[in-house]
Structures are given as C-alpha cells and as structure tokens.
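Trainee: One structure coming up, written as structure tokens, with questions to follow.
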Number of protein chains: 2
Amino acid sequence: MTPHVKRDGRTTRWEQHRAERREEFVLAAVRAIDTLGPDASVADIAAEAGVSKPVLYRYFADKNELHAAVGAWAADLVLGRVLTAVLAPASARDRVTAGVAAYLDTLAAHPQAFLLLSRPAGGTDPLAAGKDQIAAKLTRLLGDALRHLGGDTGAAEPWAHAVVGLGTSVGQWWLERHTVSRSAAAGYLSDFIWHALSGAAAESGVDLSRLDAGDGEVSPIRPAEPR
Amino acid sequence: MTPHVKRDGRTTRWEQHRAERREEFVLAAVRAIDTLGPDASVADIAAEAGVSKPVLYRYFADKNELHAAVGAWAADLVLGRVLTAVLAPASARDRVTAGVAAYLDTLAAHPQAFLLLSRPAGGTDPLAAGKDQIAAKLTRLLGDALRHLGGDTGAAEPWAHAVVGLGTSVGQWWLERHTVSRSAAAGYLSDFIWHALSGAAAESGVDLSRLDAGDGEVSPIRPAEPR
DNA sequence: AGGTGATCGTTACTGCGAGTAACAGATAAA
DNA sequence: TTTATCTGTTACTCGCAGTAACGATCACCT
C-alpha cells in the first residue's frame, strides 16, 4: 500500500481536493436535475456547476457514472433518514411506519432526482447502483432479523428487493399524481409492508409485534461506505 | 362518425393492414431487443424487420412510442398469463402463488424485453406505459375485491403500484443473478404478497383465505384494450 | 383507360448530445 | 527553476434519432 511508482507530494496533495470537487459536481448535478428534469444534458450540468464539460469528464468517466454518483448520493440520503427512523426505540410496527414517513418526506424534497432514481438498468448499468446499495443494506437488516428470530434467511434478499421496488414504484406514483395526501400514502404503504413482514413471521411462529428497538437485529448506521 | 372529409375506398382499405404491420414491427423490436439488448438502436430494429428506418417512423412517432408499444406487448403477455392463473378456481392463496409462478415463467422467456420494461420514466414517458397498464388492471381488481369485502378502496391504487413495483424489482433481481431457483423465488414472492394482502384484510376483520374463485371480485379478461 | 390517393420503399441529409483532442495558465513540491 | 498535476478553455468527431425528397406500385374511382 506504500507508494507504488513515484507518488511524491505533487501527486498526493490533490487527493482530498479531488474528492471534494467530485462531491461538489454531484450536488450541481442534483440541482440541475431538480430544475431541468432527469434528462438534463451533461452540458447543462456543467453549466450549473460553472465549468465546461471536459472538467466534468475528468471526474466521471461518462454520463452513467455521473448518474450513478447521483444515485449513490440519493441512496445515502434516504438510507440515513430512514434508518434513523427505523432504529429509533418504538414498537416494531411504529418503526416501520416512521421509516415509511421518513422515506416519503425525503422524496418530496427532491422529486426530480428520485424520478431519475427509478430509471434503472438497461443492460449496462445506469444507476441501479443506488437501489442496489439500499437493497444490500436492507438485505443485511432483514437477514439479521430473520436469523435472530429463527426464520428462513434466504428470504432476506428477495424481500429486500421487494421492499425497494415497492418503495420506488409507489413513490413514483405518488410523486406523479398526488391523488392522496402524504400521510395517507404513508399509511397504505406501511400497512402493506408491515403485514407482509409480520405475516411471514407469524407463519414461522414468531410474533413480530413483540420485537422491540435496539434488539440487536441490526448493525449501527455507518457513514456511507466507499464504493 | 360517418366519413368526415373524403374517405373513399382508397383511404380505408389499408386500415387493417396497418394494424397488422405495426404488430409485426413490435415483434421485430422484441426480437432485436432479445438479441442485442435493450439499447438496440432504431436502425437495428428496422434491420431486424427487414426494412429501413423511415418505414418504422411511419408507424411510430419516435423511439419512445416504439418502446411503449413493446411495453404494452409485454404487459399484455404477462397480464394474460397471470390473470388466467389468478382467476382459476382455487383457494385465494393458491391463486396468488399460481399468479406469481406464471409471472416468473413469462419473465424467463423474454429476459431482455423485461429488463427493458423496468427502465421507466425519465420525465417524459419512455415505457412506463406497460407498467401503468398492469397497475391499472390490478387497481380495478383490488378495488373490486376491497369493495366486495367492505375494506378501504383507497388502498387499491397504492397497493397495485406496490405489487407492480415489487414484481419488477424482484423479477429484475432474479433475472440478473439467478441465486435462487425459480420456485424458491416464487415462494418468497408469493408469501410476501399474500401476507401483505391477507394481513391487511384481517385487520379490517375479513378472512381472505375464505375467498374463493369466481367470486365476482374481478371482471373477465379483455383482449388488450386499444390505447 | 387513365387519373388519383394511398401505401410501399429507398438513399441521403440535418441536428443534437456524448465524449475527445489539443492547448494554455496556475501553483506548489522537488 | 524545473516538473507534475491540477485548472480551464474552444473546437472538434462521431453515433444515433429523426426528416426530406423522391420514385414505384396497386387498387379504387370516374
């Protein structure tokens, strides 16, 4: 891990700076997308950041990578908010409800960005990245819970993807046509998720509603692990 | 509704033919996408159909419309298969299971096309069309069931979107990494959906497992209503 | 028979947006 | 002072969506 070829101070001194600028460009992209919609061109984003295209391309190999970074940013945002809500001490059901509420709040703050989030893989890899990131976290969460309760841990991954897909789909629907209030949407959504999980638990003889917070079924929040 | 301007035989005689050719082009698009992946260009599709681009553009205003048509085609396919499974006479739970199995079978037959299906809206309207079509059908189905059972019919639409999103997300996950067998995936998926629905029903005092087929909670399959 | 209105199809273009080349200045480590 | 790496620019290439313009065919109509 020590310097490989040359690596004198002239090489290394920029590294922190690079990370900061990259982050700055991601935020500019989010701003541009919030304003211009998810089809904002690279030139638009560069303009929003106050630079010209080639500068952006020094930080991101192509548009997909930029989009992926935006996806990761959004995923961190939701994950952070939802996890703090879900891990708060309360009954299991209340925690689900709180998590869903936090989710919809976050969506409402950046509608355009989240519409982008729901446009995932062609065959290549546009920005499923964000969703996968969330799904991975959820998989661990569910897996731990299932193990703790003695259920079938194989269910963790499919269910995690189910919850993510369900969330993006309902979220998108709610963002596009606001036919119901946020709280109503949150209610329907959390009922659905709660019943799915607790019903499955009940079937293996576990009463989920007795599960309390801080129950060790989940690891603490970690600050956006590097990709 | 009688001829508006001129409409002699020379105008009308093509109408059936147009519909047939359009369908033919949709199938060619499906083939091209199955082969070349979801990023197949319009030229690729035209080549697959044995024509040149402008011909395609006589039938579809732009690429989105073509994609939307592919989405609609796929939606019809799944809807057809899933509905016949779901409407077959059996216990409610078995019907859910059968529906999910039919769904995964259909996915497996056209993986590429369905990966395309899950790449929906920018802000414009790429091919959310197909998903919306399914969601609409599901909304009616659930709405009728809820009304029949005296539940809150407002839940129908969010839940329909939840089921669609859940299905595409898990479907995509399963197509990309086949980490579990089809039947296992089907099991996890149908458990999830079944518990979500029956749990919600139970909460309003209804025992869903007593619901039998042909219960009038659903209208018969209709042959792909024109858009 | 001969004109007409619609299709069939082609090749060759425009135009936009992603990504690149090439070049010039700044700054701090060596 | 040289050197490595950043800063940034303008002006290009190139691929693909979509269009223009043209000619052929064939059944209907008069």
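The values are calculated or read from the model by the stated rules, or taken from the named source; none is laboratory data. Note that the coordinates shown come from a computational prediction; the quantities given were computed from them, not determined experimentally. Positions of Cβ are generated from backbone atoms using ideal geometry, with glycine treated the same way; all protein chains shown enter the neighbour counts. Just so you know, the surface numbers come from the protein's heavy atoms only, side chains and all, with ligands and any DNA or RNA stripped out. Shrake-Rupley method; radii C 1.70, N 1.55, O 1.52, S 1.80 Å.
Per-residue answers, yes or no, for (1) at the interface with chain B (Cβ under 10 Å from one of its Cβ atoms); (2) open to solvent by 30 Å² or more (accessible area, probe 1.4 Å); (3) at pLDDT 85 or above; (4) under 19 Å from residue A:190 (Cα atoms):
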{"site": "A:136", "(1), (2), (3), (4)": "no, yes, yes, no"}
{"site": "A:140", "(1), (2), (3), (4)": "no, yes, yes, no"}
{"site": "A:143", "(1), (2), (3), (4)": "no, no, yes, no"}
{"site": "A:149", "(1), (2), (3), (4)": "no, yes, no, no"}
{"site": "A:156", "(1), (2), (3), (4)": "yes, no, yes, yes"}
{"site": "A:159", "(1), (2), (3), (4)": "yes, no, yes, yes"}
{"site": "A:167", "(1), (2), (3), (4)": "yes, no, yes, yes"}
{"site": "A:172", "(1), (2), (3), (4)": "yes, no, yes, yes"}
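Trainee: Exactly one of these conditions fails for residue B:38: (1) under 18 Å from residue B:106 (Cβ atoms); (2) within 14 Å of chain A (Cβ to nearest Cβ); (3) away from DNA strand D (no atom under 12 Å from the Cβ). Give me its number.
Mentor: Checking residue B:38 against (1) under 18 Å from residue B:106 (Cβ atoms); (2) within 14 Å of chain A (Cβ to nearest Cβ); (3) away from DNA strand D (no atom under 12 Å from the Cβ), the one that fails is (3).
Trainee: Taking the condition in the same structural domain as residue B:129 (by TED's automatic domain parsing), at pLDDT 85 or above and of a type in the set (Val, Ile, Thr), does residue B:218 pass?
Mentor: Details: in the same structural domain as residue B:129 (by TED's automatic domain parsing): yes; at pLDDT 85 or above: no; of a type in the set (Val, Ile, Thr): yes.
When the stated conditions are applied, residue B:218 does not pass them.
Trainee: Check off (1) at pLDDT 90 or above; (2) open to solvent by 40 Å² or more (accessible area, probe 1.4 Å) for residue B:7 and give me the number that stays unchecked.
Mentor: (1)
Trainee: Please give the helices (runs of 4 or more DSSP H) falling wholly within the stretch B:18-134 in which 3 or more residues are crowded, with 17+ Cβ neighbours inside 10 Å and modelled with pLDDT of 90 or more. Show your work before the answer.
Mentor: Values: elements: B:42-49, B:53-59, B:63-87, B:92-109, B:111-117.
Counting at least 3 such residues, we get B:42-49, B:63-87, B:92-109.
Trainee: Let me ask another. Give me a count of the residues in the stretch B:180-211 that are more than 7 Å from chain A (Cβ to nearest Cβ) and in a loop (DSSP other than H, G, I, E, B).
Mentor: Residues in the stretch B:180-211 being more than 7 Å from chain A (Cβ to nearest Cβ) and in a loop (DSSP other than H, G, I, E, B): 6 in total.
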